[in-house]
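Below you'll find the structure, written out as structure tokens, and then a few comments.
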Number of protein chains: 2
Amino acid sequence: MEKPTTTSKYKHIVLTSHPGRTSQKPVPIHWGEIDAMKRGPIIGTLTNPAQKNVIGTHSGSYSVYRALAIASGSLQANHRPDFTNTSPVVHIGPYPSWSDPDKIVSLDPFGAVVGEVFQEYYQKEYDIRPTIAITKAHINMPELQDAVNQGILQVDGKILKENGNLVVTKIAVDPVWYLPGIAKRLNVKESYLRQVLFQQTGGMFPELVTRPDLQVFLPPIGGNTVYIIGDVAAITDPDKLLAVRVHDECNGSDVFGSDICTCRPYLVHGVEVCIQTAQAGGVGVIVYLRKEGRALGEVTKFLVYNARKRQEGGDRADAYFTRTECVAGVQDMRFQELMPDVLHWLGITRIDRLVSMSDMKYNAMVNSGIQVIERIAIPDDRIPEDAQVEIAAKQAAGYYTPNTVPDAIALSQIKGRTLSE
Amino acid sequence: MEKPTTTSKYKHIVLTSHPGRTSQKPVPIHWGEIDAMKRGPIIGTLTNPAQKNVIGTHSGSYSVYRALAIASGSLQANHRPDFTNTSPVVHIGPYPSWSDPDKIVSLDPFGAVVGEVFQEYYQKEYDIRPTIAITKAHINMPELQDAVNQGILQVDGKILKENGNLVVTKIAVDPVWYLPGIAKRLNVKESYLRQVLFQQTGGMFPELVTRPDLQVFLPPIGGNTVYIIGDVAAITDPDKLLAVRVHDECNGSDVFGSDICTCRPYLVHGVEVCIQTAQAGGVGVIVYLRKEGRALGEVTKFLVYNARKRQEGGDRADAYFTRTECVAGVQDMRFQELMPDVLHWLGITRIDRLVSMSDMKYNAMVNSGIQVIERIAIPDDRIPEDAQVEIAAKQAAGYYTPNTVPDAIALSQIKGRTLSE
């Protein structure tokens, strides 16, 4: 499509596709097939629309920026990537979970190795993009050096280096939703899920309702990042210990260290437990999920903060969840039932040390068939001052704690800062 | 819509709306009007579809999670929020820029005060949601306490407290795009922009092409967070100094401290400059924009890391941009031309200390009418070891530096770590 000099005409735009409209049938996807060629590639690219076999397109939300780049003329719409040297630095799978259509429904298990397993399609000019990328990095969180100074962590020179530098394998995972599987997780009919997804997003992708033959959806939402500390092979070795923290994004704490919640301190504690486990011959896994503010977004989160701090009696543990419900209609919108998919993709069947107090995450893992041996709470001395309200409210609501669960009287007495302090 | 027990019927679903289809005309939006009632409210909610006057819906990407919550039965589709006590903790504007349709095209200037300025509509049962939320917080980045210990920062007890606690006003801003204005920024026809946005997102929102009467689009992309350090009123006081850092999200560095780039260290330096400016009677502003990996996303970013580290001759400054271009087709997809909007919303017309070396950001600001007095580079001793490649390549490509710009020979000699190190 060239940049037009006259007013555009809409007549060549297909607003909503319907099954069987084009003569060429897209490559079928047989979700859950362990043989990649039998499963079929996920084709979300737009360079040859007739080959597309999914609803939506790749790169999630960033497709909007890609559209801007094309509209402004800085990117060619028909650009095809050169994937030389981009292949994964370590190999993951295949594992038995990859062929269990109940274990993985929200990512493509072959997403990292498309260049390898779909070579035949590339030779036929199919434009297939990876939805998973695996690299290595050195990371440095200032708290790790503090932990070394305090004797909590030891430098071993291989995993944890001098100056608190930590060697990790890191993996970015974009969402790929198999709609029949997502519907099963939600315990609703697929047709109903498609209808609600279409209507409640303001009419995003009519193909959700017009193309029941397309069973895979690339939703424009954030994905996951996995940080592996220690030997990747130890993840599936039953004789080695595995530590895991599954962490939902909280920009205000994770980056800026806001003291109203425990997110960054708990993340750091998770990294510490992963390092200790790796140094003892096991391995640690941190999964970072892009679900800001319990998947309500930051605008809603800040509105709730104001409501909590201004309510009669001030910010207190016994009214913690009520304020979120008043504003958002729910306490939480993260829907943890999809979260274990990435753990199954890694071949995890047993977690020795789960660094999380969330009952929702624990239940989702256990219900998906993962054995959890030990649950590790955030140490009391890591809880920021203003976050006592959150942690007490969550403990009372069912979060794991090795301590006494706060009762109604205790909850009413745990208070946070006011907005003027 | 009730959760059906039988197979859903599609017959009541409107796939694509067209102008004039409903009898009730939506409230018109007159973008750039300084009087909120004349401008008209942004109505993106789905509780009464006939009242909707935008393309898309609110909460960006999180509308997908909202749909899941509704499909699973945990959220009522007709939930209406109770906004008691959620109003902004400080007042921003109105400023002359609010009525200049060229200055602000990607956010709603009235987004924080809808409850105040659109009371008449609320009384008529319109469901209008804030797109901006303003709260206060205490944040703590471990590097700030280190800076106090090193004498770089002083505790004043009001802005910077003991233990490195920093008092901030923070603002979450969701994107609201006025399409004629966005097209003008891209220097293309609005009809062409709409066509490309529709096609290159894989057919997201047919209303982009069928509803030219709806000029406002709520794109499912991340927004901005603004952190204000010091007195908010000083931002628009010509006698007070203003420091600004505009920071594009980089989860790997911002949260985990990856040493391949300068993101977190530069962000921390920006916060330090903001604190020093505020302590001297001025004010500091950090804008955090959700544009992971140059708005290419993390999967592309990690693929590029592998390609850089594995290319012949290793990771080096003279081949830094080439690898991104090979994979992504562009060096950068951030489109900085929309970025100054949030600065104009804050009433900024002059930045005394711009903590950024990016020529793209600088040019976007200056071209939008903001005067920039001083540009502050990241101090050399804050550049992580493996990030020398990035910073040298950027300096050679036009980034601001107070030092000598590296020449071709220097660029070919600046190398990064291999993947096996």
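The values are calculated or read from the model by the stated rules, or taken from the named source; none is laboratory data. Because the structure is a prediction, the values reported are computed rather than measured. Using ideal geometry, Cβ is built from the backbone for each residue, glycine included, and neighbour counts are taken over all protein chains shown. Remember, those area values only see protein heavy atoms, side chains included, never the ligands or the DNA or RNA. Shrake-Rupley method; radii C 1.70, N 1.55, O 1.52, S 1.80 Å.
Taken over the C-alpha atoms, the range A:213-259 has Rg and Dmax values of 16.6, 48 angstrom. The range A:132-178 gives an Rg/Rh value of 1.19, both radii derived from C-alpha positions and Rh following Kirkwood.
When you restrict to C-alpha pairs under 8 Å that are six or more residues apart and normalise by the size of chain A, the relative contact order lands at 15 percent. For the range A:310-353, GluC sites (Glu not before Pro) meeting the loop criterion (DSSP other than H, G, I, E, B) and having at most 13 other Cβ atoms within 10 Å: A:GLU312. If you build the convex hull over the alpha carbons only and average its shadow over all orientations, what do you get for the range B:65-146? Give it in nm² to one decimal. Computed as one quarter of the Cα hull surface, the answer is 9.4 nm². Only protein heavy atoms count here; on that basis, with a 1.4 Å probe, A:VAL155 has an accessible area of about 60 Å². Building the convex hull from the alpha-carbon atoms of the range A:199-308 and averaging its projection over directions returns 10.1 nm².
Contact residues in the range B:279-304 (at least 30 Å² less accessible area with all protein chains than alone, 1.4 Å probe): B:TYR288, B:ARG290, B:ALA295, B:GLU298, B:VAL299, B:PHE302, B:LEU303. Note: the range A:79-203, Cα convex hull, 221 Å³ per residue. Restricting attention to the protein assembly as shown, close to 60% of DSSP beta bridges with both partner residues there are antiparallel.
Over all pairs of different C-alpha atoms, the range B:110-164 has a mean inverse distance whose reciprocal, the Kirkwood radius, equals 14.4 Å.
When its C-alpha radius of gyration is set against 2.2 N^0.38 Å (N residues), the range A:351-421 gives a value of 1.28. Fraction of C-alpha pairs exceeding 12 angstrom in the range A:273-313: 70 percent, rounded to a whole number.
The other copies place their A:ASN163 label points at 3.0 nm from this one, listed shortest first, where each point is 7 Å from Cα along Cα→Cβ. Computed over protein heavy atoms with a 1.4 Å probe, the accessible surface of chain B works out to 37 Å² per residue.
Accessible area per residue (1.4 Å probe, heavy atoms of protein chains only) ranks B:LEU241, A:LEU208 as B:LEU241, A:LEU208, with the largest value leading. Could you tell me whether the range B:347-391 comes out rounded, prolate or oblate from its Cα gyration tensor? Rule is a ≥ b ≥ c as square roots of the eigenvalues, rounded for a/c under 1.5, then prolate if a/b exceeds b/c, otherwise oblate. Prolate shape, in that a/c is at least 1.5 and a/b is the bigger ratio.
When a/c is below 1.5 the answer is rounded, else prolate if a/b is larger than b/c, else oblate, so apply that to the range A:308-402 with a ≥ b ≥ c taken from the square roots of the Cα gyration tensor eigenvalues. Oblate, because a/c is 1.5 or more while a/b does not exceed b/c. So for chain A, considering every pair of alpha-carbon atoms, how many percent are separated by more than 40 Å? Everything past 40 Å amounts to 24 percent. Residues of the range A:174-197 that bury at least 50 Å² of accessible area once all protein chains are present, compared with their chain alone (1.4 Å probe, heavy atoms only, ligands and nucleic acids left out), are A:LEU186, A:LYS189, A:SER191, A:TYR192, A:GLN195, A:VAL196. Only helices enter this figure: runs of n ≥ 4 DSSP H residues, each worth -39500 (n - 2.57), summed and divided by the residues of chain B, yield -8000 deg cm²/dmol at 222 nm to the nearest 500. For the protein assembly as shown, the square roots of the Cα gyration tensor eigenvalues, ordered a ≥ b ≥ c, give a/c below 1.5, which places it in the rounded category. For the set A:LYS170/B:LYS161; A:LYS301/B:LYS158; A:LYS25/B:LYS189; A:LYS240/A:LYS361, the pairs lying more than 29 angstrom apart at their alpha carbons are A:LYS170/B:LYS161; A:LYS25/B:LYS189. Couplings for the range A:278-287, taken from phi via the Karplus curve 6.51 cos²θ - 1.76 cosθ + 1.60 with θ = phi - 60°, read 5, 5, 8, x, x, 7, x, 10, 10, 10 Hz in order; Gly and Pro are left as x. For chain A, A:CYS261, A:CYS274, A:CYS326 have no disulfide-compatible partner, since no other Cys C-beta lies under 4.7 Å from theirs. Surface listing: A:ARG66, B:ARG350 arranged by accessible area from highest to lowest gives B:ARG350, A:ARG66, probe 1.4 Å.
The accessible area of A:ASP102, taken with all protein chains in place and a 1.4 Å probe, comes to roughly 80 Å². In the range B:250-392, Rg over Rh equals 0.98, where Rg is the alpha-carbon radius of gyration and Rh the Kirkwood radius from pairwise Cα distances. Taking every C-alpha pair closer than 8 Å and separated by at least 6 residues, the mean separation divided by the residue count of the range B:59-211 gives a relative contact order of 20 percent.
Within the range A:197-238, list the residues whose amide N lies under 16 Å from a label point set 7 Å along Cα→Cβ of A:LYS38. Backbone N within reach: none found.
Ranked from shortest, the separations from the 7 Å Cα-to-Cβ label point of A:ILE13 to its equivalents in the other copies are 2.1 nm. Apolar share of the accessible surface for chain B: 48 percent from carbon plus sulfur atoms, 1.4 Å probe. In this assembly of identical copies, the label point of B:ASN187 (Cα plus 7 Å along Cα-to-Cβ) is separated from its counterparts by 5.7 nm, sorted shortest first.
With solvent modelled as a 1.4 Å probe, how much accessible area in total do chains A and B shield from it at their shared surface, in Å² to the nearest 100? In total, chains A and B hide about 11800 Å² from solvent.
Amide H contacts under 5 Å for A:ILE55: A:VAL216, A:PHE217, A:LEU218, restricted to partners 5 or more places along the chain or on a different chain, H placed in the peptide plane at 1.01 Å from N. Compactness of the range B:137-251 is given as radius of gyration and Dmax, 21.0, 60 Å, from Cα positions. Computed on protein heavy atoms with a 1.4 Å probe, the accessible areas place B:ASP380, A:ASP341 in the order B:ASP380, A:ASP341, largest first.
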